[in-house]
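Colleague: The structure that follows is given in the form of structure tokens.
Where a number appears in this text, it was derived from the coordinates with a stated rule and is not lab data. Keep in mind that what you see is a predicted model, and the values were worked out from it rather than measured. No Cβ is skipped: glycine too gets one built from the backbone with ideal geometry, and neighbour counts run over all protein chains shown.
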Amino acid sequence: MPMPHVPVPPPVDKASLLAVDLDNTLINRDAAFRSAAQVFLAEHGLPSESVEAIMDLDRSGHTPRPVVVAELTEHWGGAVSPETIAEFLHRGPAAHVALDEPVRRALLAVRAAGVPCVIVTNGRADQQEEKIRTAGLDRLVDGWVISESVGSRKPHPEIFHVAAATAGLPALDRASTWVIGDAGHTDVRGAVDLGLHSVWVSGGRPWTETAFWPTHIAVDVVEAIDHVLGERPRLIRDRVPDAVHQAEGRELEVYHADTGEFRRRLREKLRDEVTALLAAAPGAPGAAEQLAEVLEIVHALAADLGTSPDTLEGLRRTVTEGWGAFDARTIWTGRYTSSSGASQP
């Protein structure tokens, strides 16, 4: 029986635009804010352990600043005035940001590939631009769009259209524009609403949104950029190199991973395939083949644990016999119902 296709990632059009988030994507904003907070605490003779309270309140900059001012004023019992706290937050982490060398090299690779790269960030214009210049990003990208300056915030479409104009493009090409960022509700949501490609920078976090999904998930921005440029090493099936050579006459450059890398690549592969499955519409063409790909990865993970497919199937049957399957489509509300019928948490 002939194979329906060669199961290797298909080539994609060269990206026409990279719209990349700033905070906790290109720069480690939280680390810089922590450093700024530690300096502030030392300057005002406040307990150093208060840095954790500041970080918890800050929520990566997403908590409204007036709320942070009020909470910290109360936390310190009025020892520091609200105006002083507000000034600290106004300065923010800008003076403490730094650009990691791998990120710098990744951006140089984007430039070498001839792909326009624009920073798209929510926030105050003066603070965000200071971060960009302090980190040296102004010398590595083709421009930036800051929400305060354009009157539009991610995920609203307008800010992405402005990014295309900033890059000198006549229009936003939905088929070849990529959005990279760490915030699902702004970066990925904005990309999905416009029909753009997206890479969510997870930082090791799981994707928990169920209404939409990114095109791809990467641990950091370097991996995200590598994916867009098509330069990320990835695990492929054993016979793919020969199949590509026979079908296209091309030789894939490959190597064989050691045990540690193989386990890591297996998990990356599972993440990629499940992300693709969830991002597709239910019942979309190829959904069964996508499930088969996921199943093959699960079998490979089981084999790495010393578990055969038959043993795995036996474990599945045992769990199903004990707890049932999903045939009844039973949904738990998260609450319990007492014998009297009253709903209790």
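Colleague: Per residue of the chain, what 222 nm ellipticity follows from adding -39500 (n - 2.57) for every DSSP H run with n ≥ 4, rounded to the nearest 500?
Modeller: Working: 14 runs with 159 residues, N = 345.
Computed ellipticity for the chain at 222 nm equals -14000 deg cm²/dmol.
Colleague: Rounded to the nearest whole Å³, what is the per residue volume of the convex hull around the Cα atoms of the stretch 36-163? Before the final figure, lay out the partial values.
Modeller: On the way: hull volume 15.0 nm³, N = 128.
Per residue, the Cα convex hull of the stretch 36-163 comes to 117 Å³.
Colleague: How far apart, in nm, are two points set 7 Å out from the Cα along the Cα-to-Cβ line at Ala125 and at His185?
Modeller: 2.6 nm
Colleague: Further question: If you fit an axis through the alpha-carbon atoms of helix 125-134 and take the longest principal axis of the Cα set of the chain, what angle between them do you get, 0 to 90°, nearest 10?
Modeller: Between the helix axis and the principal axis of the chain, the angle is about 70 degrees.
Colleague: Of the chain, which part is the longest with no GluC sites (Glu not before Pro) in a loop (DSSP not H, G, I, E, B) and with at most 11 other C-beta atoms within 10 angstrom?
Modeller: Counting at most 11 other Cβ atoms within 10 Å as exposed, the longest clean stretch of the chain is 50-230.
Colleague: Measure out, as a whole number of angstrom, how far apart the alpha-carbon centroids of the stretch 299-338 and the stretch 269-296 sit.
Modeller: 19 Å
Colleague: Please report the projected area of the chain's Cα convex hull averaged over all directions, in nm². If you can, show how the numbers build up before the last one.
Modeller: Numbers: hull surface 99.9 nm².
For the chain, averaging the hull's shadow over all directions gives 25.0 nm².
Colleague: Rank the residues Phe40, Phe212 as a footprinting-exposure proxy: fewest other Cβ atoms within 10 Å of their Cβ go first. Could the numbers behind the result be given before it?
Modeller: On the way: Phe40 20, Phe212 15.
The order, fewest Cβ neighbours first, is Phe212, Phe40.
Colleague: Another one. Give me the angle, in degrees from 0 to 90, between the Cα long axis of helix 82-91 and the longest principal axis of the Cα atoms of the chain, rounded to the nearest 10.
Modeller: 50 degrees
Colleague: I've got another one for you. Could you tell me which trypsin sites (Lys or Arg not before Pro) in the stretch 254-345 are loop residues by DSSP with no more than 12 other beta carbons within 10 angstrom of their beta carbon?
Modeller: Values: sites: Arg263, Arg264, Arg265, Arg267, Lys269, Arg271, Arg316, Arg317, Arg329, Arg335; in loops: Arg329, Arg335.
Sparse-neighbourhood loop trypsin sites (Lys or Arg not before Pro): Arg329, Arg335.
Colleague: Output the relative contact order of the chain, whole-number percent, from Cα pairs under 8 angstrom with separation of 6+ residues. Mind showing how you got there, number by number?
Modeller: Numbers: 426 pairs, mean separation 50.6, N = 345.
Here the relative contact order equals 15 percent.
Colleague: With contacts defined as alpha carbon pairs under 8 Å and 6 or more residues apart, what's the relative contact order of the stretch 29-96 in percent?
Modeller: Values: 47 pairs, mean separation 28.8, N = 68.
Relative contact order comes out at 42 percent.
Colleague: Rounded to the nearest Å, what's the spacing between the alpha carbon centres of the stretch 185-213 and the stretch 141-173? Just the number, please.
Modeller: Value for the Cα centre distance between the two parts: 18 Å.
Colleague: Now, a different point. Could you list Val145, Val188 so that the one with the fewest beta carbons within 10 Å of its beta carbon is first and the one with the most is last? Mind showing how you got there, number by number?
Modeller: Details: Val145 25, Val188 28.
Arranged by neighbour count, lowest to highest, Val145, Val188 become Val145, Val188.
Colleague: Hey, rough spin-label estimate for Ala70 and Glu83, points 7 angstrom out along Cα→Cβ, what's it come to in nanometres?
Modeller: Reported label-point gap for Ala70 and Glu83 is 2.1 nm.
Colleague: Past the 17 angstrom mark, what percentage of all C-alpha to C-alpha distances in the stretch 29-96 do you count?
Modeller: Details: 679 of 2278 pairs.
Value for the stretch 29-96: 30 percent of Cα pairs lie more than 17 Å apart.
Colleague: Return one number: the angle in degrees, 0 to 90 and rounded to the nearest 10, between the long axis of the Cα atoms of helix 29-43 and the longest principal axis of the Cα atoms of the chain.
Modeller: That helix lies at roughly 30 degrees to the long axis.
Colleague: Turning to a different aspect of this structure: By its C-alpha gyration tensor, with a ≥ b ≥ c as the square roots of the eigenvalues, how is the stretch 193-345 shaped: rounded for a/c under 1.5, else prolate for a/b larger than b/c, else oblate? Could the numbers behind the result be given before it?
Modeller: Working: a/c = 2.18, a/b = 1.53, b/c = 1.43.
Since a/c reaches 1.5 and a/b is larger than b/c, the shape of the stretch 193-345 is classed as prolate.
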